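In what follows, a structure is listed as structure tokens, so that the remarks can point back to it.
The values are calculated or read from the model by the stated rules, or taken from the named source; none is laboratory data. Note that the structure is a prediction, hence the values are computed from the model and not measured. A quick note on method: Cβ atoms are made from the backbone with ideal geometry, for glycine too, and the neighbour counts reach across all protein chains shown.
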Amino acid sequence: EDKVVQSPLSLVVHEGDTVTLNCSYEVTNFRSLLWYKQEKKAPTFLFMLTSSGIEKKSGRLSSILDKKELSSILNITATQTGDSAIYLCAFNTNAGKSTFGDGTTLTVKP
Amino acid sequence: ETGVTQSPTHLIKTRGQQVTLRCSSQSGHNTVSWYQQALGQGPQFIFQYYREEENGRGNFPPRFSGLQFPNYSSELNVNALELDDSALYLCAFRTGGTDTQYFGPGTRLTVL
């Protein structure tokens, strides 16, 4: 069965810290891995990764995929209180099905 | 803003009842998926519709059913509600062949 495991489950840091969130997966017919941020209800799209070793970057956030290790990381530098959210990782199969992990809850304290 | 709307925002039902949740998009994306998100968990895939037909389903019983309309909007129907159906129900649109999904704000269903 397809599976996604995220770690840590939760994380508390102070503003200015750098965090690394992990996502590992077991899947047949992998097509892409996506990261989402969920603050209150609707997850919002952050990154989509399809190729190993190519870093995607958006401001203070960056992410990279390692297909050999079946994993991905999401880095956030110089964290701000507005980064507090649940970060979800999901992969898509060639059949178009999405499987999500249970997320990492990030709390950034002032 | 993703341009995806869901209704209602909250709903309280009792065991055994039936519920219909609705979802629409302003963007014209033609593929819609529904997810169930229990507290403390990630979204669980229920099913996906493309061109008004179901073309993918997760591990949910047949009492979870859906529809997609010609304007791509969608409904999720749940019959014979159980307490464990209490969750946030999310819909997400994308264009067929792409992977980026645009989520609605969800419907919070409570079953008493």
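A few points about this structure:
- When residues of segment A:70-110 are limited to those that are in contact with a Leu (Cβ under 6 Å, 6 or more places away or on another chain) and within 13 Å of chain B (Cβ to nearest Cβ), the one nearest to A:T44 (Cα to Cα): A:Y87
- Selected residue [touching a Ser or Thr at 6+ places or on another chain (Cβ under 8 Å), of a type in the set (A, V, I, L, M) and over 15 Å from B:P43 (Cβ atoms)] from B:L76, B:L109, B:L81: B:L81
- As for segment B:60-77, it holds at least one residue that is of a type in the set (A, V, I, L, M, F, W, C) and in contact with an Asp or Glu (Cβ under 6 Å, 6 or more places away or on another chain).
Okay, residues lined up against (1) modelled with pLDDT under 95; (2) under 21 Å from B:R108 (Cα atoms); (3) polar (S, T, N, Q):
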| site | (1), (2), (3) |
| --- | --- |
| B:N59 | yes, yes, yes |
| B:R63 | no, yes, no |
| B:F69 | yes, no, no |
| B:E75 | no, yes, no |
| B:L83 | no, yes, no |
| B:Y89 | no, yes, no |
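- When segment A:25-55 is limited to residues that are of a type in the set (S, T, N, Q) and surrounded by 17 or more Cβ atoms within 10 Å (Cβ to Cβ), the one that is nearest to B:P43 (Cα to Cα) turns out to be A:Q38.
- Only one of the listed residues (A:I73, A:I64) is in a strand (DSSP E or B), hydrophobic (A, V, I, L, M, F, W, C), surrounded by 15 or more Cβ atoms within 10 Å (Cβ to Cβ) and without any contact (Cβ under 8 Å) to a residue 24 or more places away in the chain. That residue is A:I64.
- Flag if B:L81 is within 14 Å of another protein chain (Cβ to nearest Cβ), on the phi < 0 side of the Ramachandran plot and either touching a His at 6+ places or on another chain (Cβ under 8 Å) or part of a loop (DSSP other than H, G, I, E, B) (or both): no
- Any chance B:R57 is surrounded by fewer than 17 Cβ atoms within 10 Å (Cβ to Cβ), facing another protein chain (nearest Cβ under 9 Å) and of a type in the set (K, R): yes
- Only a single criterion out of (1) in a loop (DSSP other than H, G, I, E, B); (2) modelled with pLDDT of 95 or more is not satisfied by B:H29, namely (2).
- Residue within segment A:83-93 that is surrounded by fewer than 16 Cβ atoms within 10 Å (Cβ to Cβ) and within 26 Å of B:N59 (Cα to Cα) present: no
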